[in-house]
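Colleague: Here it is: the structure, laid out below.
Quick note: the coordinates plus some simple rules give every number you see, no bench work behind them. All values derive from a computational prediction rather than experimental measurement. For neighbour counting, all protein chains shown are included, and Cβ atoms are generated from backbone atoms with ideal geometry for every residue, glycine included.
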């Protein structure tokens, strides 16, 4: 469960995700196995801080991503989050290129349970190494994080021969 990217920033807020978590629990969906709530694009501020760290948009996520992860875990749920293997995300927020290790460590520190890595602003020639490297960085955190990798989709749309 999560937000549908169609609404982008208009529905992407801490309040919405807290309400979704409460509904999953109250309406019995968690007990039926629906335990993932995933934040898609537009959760970040339009900049990184002076140390290059990702920053949650303080208007939409005033208590930050660690708060939201803690809230989900307290209800027996898991939090997923979005990033992009490019210099910016699909909607123009800061991407992961140049910050893969740093961002993977931040996701682990925040206790995020899943990361979706998109590739709107990257070149297909970089994906073979980049997606694999980010997966390795996630593993090095020693936190079990599901890695939702968009790499195969971008190979398909760019008509690149896949050699699995």
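Colleague: Can you tell me the relative contact order of region 79-145? Whole percent, Cα pairs under 8 Å, sequence separation 6 or more.
Modeller: With pairs under 8 Å counted, the relative contact order is 42 percent.
Colleague: Work out how much length residue 51 to residue 128 would gain on full extension: take 0.36 nm times their residue separation and subtract the Cα-Cα distance, in nm to one decimal.
Modeller: 25.0 nm
Colleague: Grab the Cα-Cα distance for residue 59 and residue 31, subtract it from 0.36 nm times how many residues apart they are, and report the gain in nm with one decimal.
Modeller: Residue separation times 0.36 nm, minus the Cα-Cα distance, leaves 6.9 nm.
Colleague: Where does each of 129, 140 land when they are ranked from fewest to most other beta-carbon atoms within 10 angstrom?
Modeller: The order, fewest Cβ neighbours first, is 129, 140.
Colleague: Still on this structure, I have one more. Starting with the fewest neighbours, write out 115, 146 ranked by other beta-carbon atoms found within 10 Å of each beta-carbon.
Modeller: By the 10 Å Cβ count, ascending: 146, 115.
Colleague: Starting from the Cα gyration tensor of region 74-113, take the square roots of the eigenvalues, sort them a ≥ b ≥ c, and report rounded, prolate or oblate (rounded when a/c is under 1.5, otherwise prolate if a/b is larger than b/c, else oblate).
Modeller: Taking the square roots of the gyration eigenvalues as a ≥ b ≥ c, region 74-113 is oblate.
Colleague: Provide the packing ranking of 27-33, 14-20, i.e. peptides ordered by the mean count of other C-beta atoms within 10 Å per residue, highest first.
Modeller: Per-residue Cβ counts within 10 Å, averaged per peptide and sorted highest first, yield 14-20, 27-33.
Colleague: Given a Förster radius of 30 Å and the C-beta distance between residue 147 and residue 22 as r, what FRET efficiency does 1/(1 + (r/R0)^6) yield to the nearest 0.05?
Modeller: 0.65
Colleague: Moving on to the next point. Taking a temperature of 4 °C and a viscosity of 1.567 mPa s, what whole-number D in µm²/s does Stokes-Einstein yield for region 1-151 with Rh from Kirkwood over alpha carbon pairs?
Modeller: Answer from the Stokes-Einstein relation: 83 µm²/s.
Colleague: Take peptides 49-57, 69-77 and line them up by average Cβ neighbours within 10 Å, highest first, as a rough protection proxy.
Modeller: 69-77, 49-57
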